[in-house]
Amino acid sequence: MGKRVSAAEEARRRIDFSKELAAKGWYHSFELPEGTVIDGFMTLEQQKRRYAQFPIPDDLRGKRLLDTGAWDGWFSFEAERHGAEVTAIDCVELATFLDIRAKLGSDVDYRILDFYELPGAGLGKFDIVFFLGVLYHVRHPLLALEIVCALTRDVAIVDSFVTDPDDWLEHAGEIPSMEFYELDELGNQFGNWVGPTVPCLLAMCRAAGFARVELLGTGAHHAVVACYRNWEPAPAEIASDAPEILTIENARTNGINFSTRKSEEYLTCVFRTTRDPVTPEMLRLMVDDFGAACLFVTREGDSWRATFHLPPGLDPGWHASRLRFCDSGFGREFRIAVDMPLEAKQIEIKEVFDGVAWTQGEVQVGERGFLSCWAGGLPENADRANVRAFLGNRRLGVDYVGEPNAGGYRQVNAVVAGNVTQGKHEFHVECASVSSRSLPVAIRSQSSSK
């Protein structure tokens, strides 16, 4: 007995234009300068209508544009005609692309790259990225969208096969879903890996790190989405007070350092506001010129804690992080460090105090105590996650690393557990595998000091 084929699989297999494409010989149609028309599988009218959908300027002079999976190249050459500096990539070199480029006298930079080679290709970032008809061909679609996001400065246009272009609104409130094709179930073509629903496509674009995602339209088995790296402009007239920002930090470490080599990095912003309630849709985080959508926001006493993905594509170095409401200005700016090395040559500590009573050289401990010191020589990106404090061999929890004072010393606060042995101890600080000299400190029980 042969394999039973479901109605859904039969429907997917019917999405097969390989014979028509073979008969045409070209996927894209072209009108050459001397008037010759090349009649491809996709008509000139269809191509122009799709291009007109894209929310990009008519004048692209000064803009860099990346066309991924360019095929015969019509969209690459059309963007170049509008003034863009265009780089086109494909996984194989196509004679049709080279032929048209020569006939047009085009300067499009044509690169043969596997899609996953893009991050290491040294191409830089692009104002606009075309990701047209590629998503369902990649084995790792969310990773692919993250790569697109990291390469984009302004907007990416994502056009993909979807399973529900005509009736997606009927299940828009359901959990998004995606079909997986192990072999040739979609269009009888091996290498068509996934078929998302429209809501799933939109959700993946958001999860990839784009600040705003807008559905431009659906058509025959596909949907087109504009994915923006930044927020809409702040309102000309401010309607509410800016949030009072208490901290912006790494949600996992509570420090200021982030690594783009990690698959998931999250920022958390703690702020106060007179607004109540606060919802994720109200918040607009910016890290330099890149926006990030709020994932969750919760109340904590008299403040709020909001969580965001670290925007993809940040270069190594310091970055300014700011938060506003959709109808307010920005609150206080905080700096975060991305992919920065942690380096120290010599660390010096002085003046160890009780962090509450401010008695020098002695810390009183009840259920716990607090120790404060001033440390010099710490790296600029030192934080509570990479600075370590020790009483003898016992590591303390560092809960604060301040900004440098005029002399270059930074306040370091540590928590002393209540079960630490009373008496004299040696205290020192470590960071970046460099240790300070030790200073003596006495641990006293609060009950015995009364």
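The values are calculated or read from the model by the stated rules, or taken from the named source; none is laboratory data. The structure displayed is predicted, hence computed values, not measured ones. Neighbour counts are summed over all protein chains in view; Cβ atoms, including those assigned to glycine, are modelled from backbone coordinates with ideal geometry. The accessibility values were calculated without ligands, DNA or RNA, using every heavy atom of the protein model including side chains. Shrake-Rupley method; radii C 1.70, N 1.55, O 1.52, S 1.80 Å.
With a 1.4 Å probe and every protein chain kept in, tell me what percent of the accessible surface of region 273-368 is carbon plus sulfur. Don't skip to the answer; put the middle values down first.
Numbers: 2340 of 4870 Å².
That share works out to 48 percent.
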Completion exercise
From the Cα centre of region 297-321 to that of region 203-262, the distance in Å is 11 Å
Fill in the blank from the handout: In the neighbourhood of T268 defined by beta carbon distances under 10 Å, the net charge of the other residues (Lys, Arg +1; Asp, Glu -1) is +1
Exercise for the section: Would you tell me the accessible area of V86, worked out with a 1.4 angstrom probe on the heavy atoms of the protein chains, in Å² to the nearest 10? Expected result: 10 Å²
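Treating only the Cβ of Lys, Arg, Asp and Glu as charged (+1, +1, -1, -1), what charge dipole size does the chain show about its Cα centre? Round to the nearest 20 debye.
Working: 47 positive and 65 negative charges, 386 e Å.
So the magnitude is around 1860 debye.
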Completion exercise
Along the dipole axis of region 181-311 (charges at Cβ: +1 for Lys and Arg, -1 for Asp and Glu; origin at the Cα centre), the most positive-end residue among L285, S240, H221 is L285
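Compute and list, largest first, the equivalent-ellipsoid semi-axes of region 316-450 from the alpha carbon gyration tensor, each √(5λ) rounded to a whole angstrom. Show your work: numbers first, answer last.
Numbers: eigenvalues 191, 72, 30 Å².
Taking √(5λ) for each Cα gyration eigenvalue gives 31, 19, 12 Å.
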Fill in the blank from the handout: So the carbon and sulfur contribution to the accessible area of region 32-123, 1.4 Å probe, in percent, is 50 percent
Fill in the blank from the handout: Taking the convex hull of the alpha-carbon atoms of region 22-74 and averaging its shadow over every direction gives an area in square nanometres of 4.7 nm²
Completion exercise
With the 1.4 Å probe rolled over protein heavy atoms, region 1-129 has an accessible area per residue in Å² of 55 Å²
Problem - Computed over region 361-430, Kirkwood Rh from alpha-carbon pairs, angstrom - result: 12.5 Å
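In the chain, what % of DSSP beta bridges are antiparallel (nearest 5)? Each step should come with its number before you reach the end.
Numbers: 84 of 109 bridges.
Here the antiparallel bridges make up roughly 75 percent for the chain.
Averaged over all directions, how much area does the convex hull of the C-alpha atoms of region 180-244 cover when projected, in nm²?
On the way: hull surface 27.7 nm².
Averaged projected hull area, Cα only: 6.9 nm².
Take the Cα gyration tensor of region 4-98, multiply each eigenvalue by 5, square-root it, and list the three semi-axes largest first, rounded to whole angstrom.
Details: eigenvalues 164, 57, 38 Å².
Square roots of five times the eigenvalues give 29, 17, 14 Å.
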Completion exercise
D (µm²/s, integer) via Stokes-Einstein for region 290-329, Kirkwood Rh across alpha-carbon pairs, 20 °C, 1.002 mPa s: value 176 µm²/s
Handout entry: Paramagnetic label zone (point 7 Å from Cα along Cα-to-C-beta, A172; backbone N under 13 Å) in region 209-233
Key = 214-218
Fill in the blank from the handout: Taking only the alpha carbons of region 256-335, the radius of gyration and the largest Cα-Cα distance, Dmax, both in angstrom, are 12.6, 38
Handout entry: From the coordinates shown, semi-axes √(5λ) of the Cα gyration tensor in Å corresponds to which of [x] 50, 23, 21; [y] 55, 23, 22; [z] 41, 25, 22
Key = [y]
Problem - Label-reachable residues, region 405-423, where backbone N falls under 16 Å from a point 7 Å from S445's Cα toward its Cβ - result: 417-423
Exercise for the section: Compute the length gained on full extension between E93 and H140: take 0.36 nm times their separation in residues and subtract their Cα-Cα distance, giving the result in nm to one decimal. Expected result: 14.7 nm
Fill in the blank from the handout: Charge dipole of region 300-450 built from unit charges on the beta carbon (Lys, Arg +1; Asp, Glu -1), centred at mean Cα; most positive-end Cα among Q422, S436, N405 is Q422
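Which whole-number percentage describes the relative contact order of the chain, with Cα contacts under 8 Å and a sequence gap of 6 or more?
Numbers: 996 pairs, mean separation 40.9, N = 450.
Value for the chain: 9 percent.
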Exercise for the section: Would you tell me the accessible area of E117, worked out with a 1.4 angstrom probe on the heavy atoms of the protein chains, in Å² to the nearest 10? Expected result: 100 Å²
Completion exercise
accessible surface per residue for region 295-450, probe 1.4 Å, DNA/RNA/ligands not counted, whole Å² -> 50 Å²
Practice task
Starting from the Cα-Cα distance between D16 and R437, subtract it from 0.36 nm times their residue separation and give me the gain in nm to one decimal.
Solution key: 144.3 nm
Problem - Summed side-chain charge close to G407 - residues other than G407 whose Cβ falls under 13 Å, Lys, Arg +1, Asp, Glu -1 - result: -1
Completion exercise
Judged on accessible area alone, 1.4 Å probe, highest first, V441, V92, V434 line up as V92, V434, V441
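What does the charge count around M282 come to, taking other residues whose C-beta lies under 10 Å from its C-beta (Lys +1, Arg +1, Asp -1, Glu -1)?
Working: positive: R275, R284, R324; negative: E281, D327.
Neighbour charge sum, excluding M282 itself: +1.
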Completion exercise
With every protein chain kept in place and a 1.4 Å probe, region 148-220 has an accessible area per residue in Å² of 43 Å²
Fill in the blank from the handout: In whole percent, the Cα-Cα distances of region 302-384 spread across 5 Å bins from 0 upward as 3, 10, 13, 14, 13, 14, 15, 11, 6, 1, 0
